[in-house]
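Scroll down for the structure; my scribbles are underneath it.
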Amino acid sequence: MDSAALELQQVAAPEDVTPELRRELVDCWVEVTNAGGAAGFPFPPIDAGLAAPAVDALVAALAPDTSRLVVATVDGALAGWLNVRRDPFALVAHWGTLHHVQTRTALRGRGIGAALMNRVRATARDEMGLEQLRLAARAGVGLEEFYGRLGWRETGRWPGALRLAPGDDRDEVLMLLRPL
């Protein structure tokens, strides 16, 4: 990917999500889900009517200490995004979780997902004060390999935890990135 065309930014407050960015987040989530992506809606097809309330809830929860979006744009258009969250409970406040990691289908294989993951690692460590990140991924779609190349390690599995359809049970893979 031409690094001049790729821009990464974080969004840490609801008022920083413009109507255009909101629409692009919804459109991306619909596109990724309907292409079979494991990004939070397990039963495609979906449409904006289903994705928009989820985006609105995610945006409403944005706060610098507990929830941020990291967004990637290419030539000014949304190319991918993810959400990093921390629980403020003191026992677990030193780690965060990643949610809804996704890139536009036409832009896959261009390093956007890796760039998002590298940026969130720095953001979590340097700005949120986190010491480790966790995520849960759907097995069987190559996510373990993708995250593994970026330094994540598998810490466990819940066998058959995700039932996508009768006879199509998938493991939920638990992964950790530590140290940040």
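The values are calculated or read from the model by the stated rules, or taken from the named source; none is laboratory data. Because the structure is predicted, anything quoted here is derived from the model rather than measured. Note that each Cβ is placed from the backbone with ideal geometry, even for glycine, and that neighbours are counted across all protein chains shown. Ligands, DNA and RNA are stripped out before the accessible areas are found, and what is left, the full protein with its side chains, is counted by its heavy atoms. Shrake-Rupley method; radii C 1.70, N 1.55, O 1.52, S 1.80 Å.
Put simply, the Cα atoms of the chain extend 42, 38, 33 Å along their principal axes, the longest span coming first. Quick check for you: which residues of region 96-112 have the amide N under 16 Å from the point 7 Å beyond the Cα of N118 toward its beta carbon? Within reach of a label on N118: 109-112.
Summarising the strand pairing of the chain, around 90 percent of its internal DSSP beta bridges are antiparallel. Taken per residue, the accessible surface of region 1-51 reaches 54 Å², heavy atoms only and a 1.4 Å probe.
Between the beta carbons of A13 and L150, assuming R0 = 25 Å, the FRET efficiency works out to 0.35 to the nearest 0.05.
Annotation: extensible slack from R22 through L174 equals 51.8 nm (criterion: 0.36 nm per residue apart, minus Cα-Cα distance).
Here is the P(r) of region 11-87: all C-alpha pair distances, binned every 10 Å from 0, give 19, 53, 27, 1 in whole percents. Per-residue packing, averaged as other Cβ atoms within 10 Å, sorts the ranges 154-161, 116-123, 8-15 into the order 116-123, 8-15, 154-161, beginning with the highest.
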